[in-house]
Amino acid sequence: MAATQEQILEGLAEIVNEIAGIPAEDVALDKSFTDDLDVDSLSMVEVVVAAEERFDVKIPDDDVKNLKTVGDAVDYILKHQG
Amino acid sequence: MNSTNHTVVVTGVGATTPLGGDASSTWEGLIAGRSGISLMEQDWAAELPVRIAASIAVDPGTVLPRPQARKLDRSAQFALIAAREAWADAGFTGKAGEDPSVDPDRLGAVVASGIGGVTTLLDQYDVLREKGVRKVSPHTVPMLMPNGPAANVGLEVGARAGVHTPVSACASGAEAIGYAIEMIRSGRADVVVAGGTEASIHPLPIVAFGNMMAMSKNNDDPQGASRPFDVNRNGFVMGEGSGVIVLESAEHAAARGARVYAEAVGQGISADSHHITQPEPSGNGIAHALQNLLDSTDLKPAEVAHINAHATSTPQGDVAEIKALRKIFGDDVDHMAISATKSMTGHLLGGTGGVETVASVLALHHRLAPPTINLDELDPEVDADVVRAEARPLPGEGPLVALNDSFGFGGHNVVLAFRTV
């Protein structure tokens with residue numbers, strides 16, 4: 001069953017917390033991974049791989065650079081999840 | 001004093017070792033004659049010919065925040081912990097620049113290991129084979145590169161004068177400190193954070209060193225297995241950890257009112273050009289390093305009160321080192337209190353030069369030479385005054401010099417000299 005926007009945000013918050021140590025409640029739709037959440041380009045790869053597994057979605061490398069904010073990632077997963 | 005011959009001093013020490021999670025607990029363990037060696041508890045160790053090691057006393061996972069630790073090889077974790085301690089011990093309150101007493105453009109970092117991020121390399125290869133391409137960590141390259149610990153320490157303190165990693169197997173940590181001394185002496189930097197680190201307690205390195213016949217297989221007596229200078233020594237015991245010091249020009253240290261542990265007098269460096277792993281048995285290569293030390297500094301053999309020997313507990317190496325000391329120092333060796341702290345810490349490979357420099361500097365600071373444990377019967381070829389079961393006070397008055405010897409596979413010889421201030 002496809003995840004809702006709320007479930008995806010919650011899942012990404014857990015992933016970002018695991019990888020970057022940012023409190024899950026600080027992971028909001030308008031937050032930038034790089035500027036606000038201490039997720040650099042290497043850690044972003046980890047976030048993407050974890051999200052692919054959790055939400056049954058494929059996020060090609062070429063699309064990763066367009067995922068600037070948590071909201072971008074949530075929208076992408078909503079649209080492409082299996 | 002001209003601008004290319006600055007006096008160098010030690011203003012901070014830090015360590016995380018098999019004896020303790022910081023420099024003071026490590027020193028207390030050394031002075032008490034405590035062994036950090038035990039039977040390995042990992043499942044993979046059960047079937048190996050060598051099942052003993054000197055594992056870290058304080059797990060770095062309990063010290064570093066997890067998001068930071070997971071991006072660092074274990075060797076870089078150790079180095080960062082030791083460097084933070086040394087940095088704070090030197091009296092700095094933040095990164096260079098944030099603490100106005102040190103200019104980032106005049107700050108360096110030189111940290112080395114013998115083998116680099118070997119556990120990262122091997123573990124990630126397992127991930128590739130077992131879980132596939134996508135699961136290999138994007139942090140793998142910066143974790144396994146040999147300059148990773150130096151780069152991470154440099155980032156931590158804000159070093160912009162240069163970050164370096166001289167690699168020379170088990171002499172790496174000492175060579176790093178020698179390089180750092182030269183950076184300050186020559187005027188390239190005012191302050192350098194320098195040391196060695198190693199984390200190679202993993203089945204492949206242990207089996208590989210074991211197959212070279214270089215390691216003790218005294219699995220039934222872990223605490224008695226590392227026995228430098230003893231007639232029954234039969235190889236080294238692998239240890240892990242890091243030792244880091246803060247070096248500083250004497251002028252810079254004086255200007256900010258820093259506490260000074262010792263002067264870093266200089267270093268003697270040479271190469272055996274004899275065999276890829278065997279030490280030159282007459283000690284000529286090591287003697288050449290000692291002679292270079294005397295020729296390049298104002299050091300006098302009569303001042304040398306203490307030597308932290310390389311002495312790994314191998315049959316050939318321990319004897320070659322003493323022969324070299326006799327060749328260069330002659331009868332003066334008789335008044336040098338020689339300690340083999342690997343009897344307690346095991347052999348930290350590239351970390352050893354860092355940890356044993358911390359030990360040498362603290363030996364001068366406390367005027368006390370650590371013991372050499374397990375020395376039940378001195379090898380008759382070891383013609384020197386080895387400090388045996390109990391720590392021994394060094395002369396209470398006057399200047400004292402301590403040497404720290406480190407030698408590595410490949411024929412690398414490094415001798416560092418420190419003097420009381």
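Residues of segment A:41-72 that are touching a Phe, Trp or Tyr at 6+ places or on another chain (Cβ under 8 Å), closer than 19 Å to A:Glu6 by Cα and either away from chain B (no Cβ under 14 Å) or surrounded by fewer than 17 Cβ atoms within 10 Å (Cβ to Cβ) (or both): A:Leu67, A:Lys68, A:Thr69, A:Val70.
Residues in segment B:380-401 that are outside any strand (DSSP E or B) and in contact with a strand residue (DSSP E or B) (Cβ under 7 Å, 6 or more places away or on another chain): B:Ala384, B:Asp385, B:Val387, B:Ala391, B:Leu394, B:Pro395, B:Pro399, B:Leu400.
Considering only segment B:13-109, give the helices (runs of 4 or more DSSP H) lying wholly within it that have at least 2 residues that are under 22 Å from B:His365 (Cβ atoms) and more than 14 Å from chain A (Cβ to nearest Cβ). Of the helices (runs of 4 or more DSSP H) lying wholly inside segment B:13-109, those with at least 2 residues that are under 22 Å from B:His365 (Cβ atoms) and more than 14 Å from chain A (Cβ to nearest Cβ) span B:23-32, B:74-89. Among the residues of segment B:123-135, the ones that are away from chain A (no Cβ under 14 Å) and within 17 Å of B:Arg70 (Cβ to Cβ) come to 2 in all.
So is B:Asn404 in a strand (DSSP E or B) and under 17 Å from B:Glu263 (Cα atoms) or not? Judged against the criteria, B:Asn404 is a match. Scanning segment A:37-82 for residues that are in contact (Cβ under 8 Å) with a residue 60 or more places away in the chain and within 20 Å of A:Ala24 (Cβ to Cβ) turns up A:Val70, A:Ala73, A:Val74, A:Ile77, A:Leu78.
Which numbered condition trips up A:Leu9, out of (1) crowded, with 19+ Cβ neighbours inside 10 Å; (2) in contact (Cβ under 8 Å) with a residue 24 or more places away in the chain; (3) within 12 Å of another protein chain (Cβ to nearest Cβ)? Condition (3) is where A:Leu9 drops out.
Within segment B:141-174, the only residue that satisfies the criterion of being within 13 Å of B:Gly195 (Cβ to Cβ) and within 14 Å of chain A (Cβ to nearest Cβ) is B:Asn152.
Look at B:Thr420 and say whether it is among the polar types (S, T, N, Q), over 14 Å from the mean Cα position of the chain (by Cα) and surrounded by 24 or more Cβ atoms within 10 Å (Cβ to Cβ). When the stated conditions are applied, B:Thr420 does not pass them. Restricted to segment B:111-222, the set of helices (runs of 4 or more DSSP H) holding at least 3 residues that are at pLDDT 95 or above and small (Gly, Ala, Ser) comprises B:148-157, B:172-185.
Considering B:Val133, B:Val157, the condition of being within 28 Å of B:Asp99 (Cα to Cα) and either buried (at least 18 other Cβ atoms within 10 Å of the Cβ) or in the same structural domain as B:Gly195 (by the TED database) (or both) is satisfied by B:Val157 alone.
The values are calculated or read from the model by the stated rules, or taken from the named source; none is laboratory data. In this text, all values refer to a predicted model and were calculated from it rather than measured experimentally. Backbone-built Cβ (ideal geometry, glycine too); neighbour counts: all protein chains shown.
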